[in-house]
Amino acid sequence: MTSTLITQFILATMATCGLSIIFRVPVKKIPVCAIIGGLGWVACQVVMFSGFSITFGCFVGACAVALLSDISSKLLREAATIFIIPGIMPLVPGAGMYRTMLALLHNDMSGFATEGTQTLVAAGAIAVGLLVMGSLLRLVRTVKRKLHPASR
């Protein structure tokens with residue numbers, strides 16, 4: 001399992017690096033984006049290897065990407081979206097979308113419904129993961145400001 005995760009981390013990191021170039025991320029920020037994408041993918045895979053569903057894996061992976069992107073944005077003084085957009089791409093269920101359309105083209109309505117539902121739920125879990133982590137981070141910052149008003 002460990003060698004598989006290392007291999008998947010390397011591949012997800014390389015894919016995120018390529019997407020960062022396509023999305024014109026500043027060159028100095030590309031390694032950070034790549035590592036965030038790789039770690040988000042590994043978080044998703046660890047959850048799935050632990051016996052949870054792909055939906056929960058995508059949720060946890062998206063939460064990891066959002067948290068790491070927020071931390072990176074503060075440290076590197078950049079917008080968090082610079083890190084989120086390429087970092088979330090390895091989690092996007094592209095193979096599920098492909099299988100959904102293939103089932104539709106083969107007139108397999110049962111497979112279309114099954115694959116389509118699973119793909120939409122996984123994509124929704126990614127969106128919810130980003131939303132939940134963003135909301136939690138905003139809540140923590142608000143509470144911190146109210147408790148320590150001088151530390152802005």
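Per-structure values
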item: Within the stretch 76-89, tally of residues that are surrounded by fewer than 24 Cβ atoms within 10 Å (Cβ to Cβ) and of a type outside the set (A, V, I, L, M); result: 3
item: Selection status of residue 59, among the aromatic types (Phe, Trp, Tyr), open to solvent by 50 Å² or more (accessible area, probe 1.4 Å) and under 22 Å from residue 121 (Cβ atoms); result: yes
item: Residue tally, condition in contact (Cβ under 8 Å) with a residue 12 or more places away in the chain and surrounded by fewer than 16 Cβ atoms within 10 Å (Cβ to Cβ), over the stretch 32-56; result: 1
item: Positions within the stretch 1-31 being open to solvent by 60 Å² or more (accessible area, probe 1.4 Å) and either aliphatic (A, V, I, L, M) or in contact with a Pro (Cβ under 6 Å, 6 or more places away or on another chain) (or both), in sequence order; result: 1, 6, 10, 11, 14, 21, 22, 23, 27
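The values are calculated or read from the model by the stated rules, or taken from the named source; none is laboratory data. Bear in mind the structure is a predicted one, so any value in this text is a computation, not a measurement. Positions of Cβ are backbone-derived with ideal geometry, glycine not excepted, and every protein chain shown enters the neighbour counts. Each accessible area value is taken on the protein alone, full model and side chains, heavy atoms only, with ligands, DNA and RNA left out. Shrake-Rupley method; radii C 1.70, N 1.55, O 1.52, S 1.80 Å.
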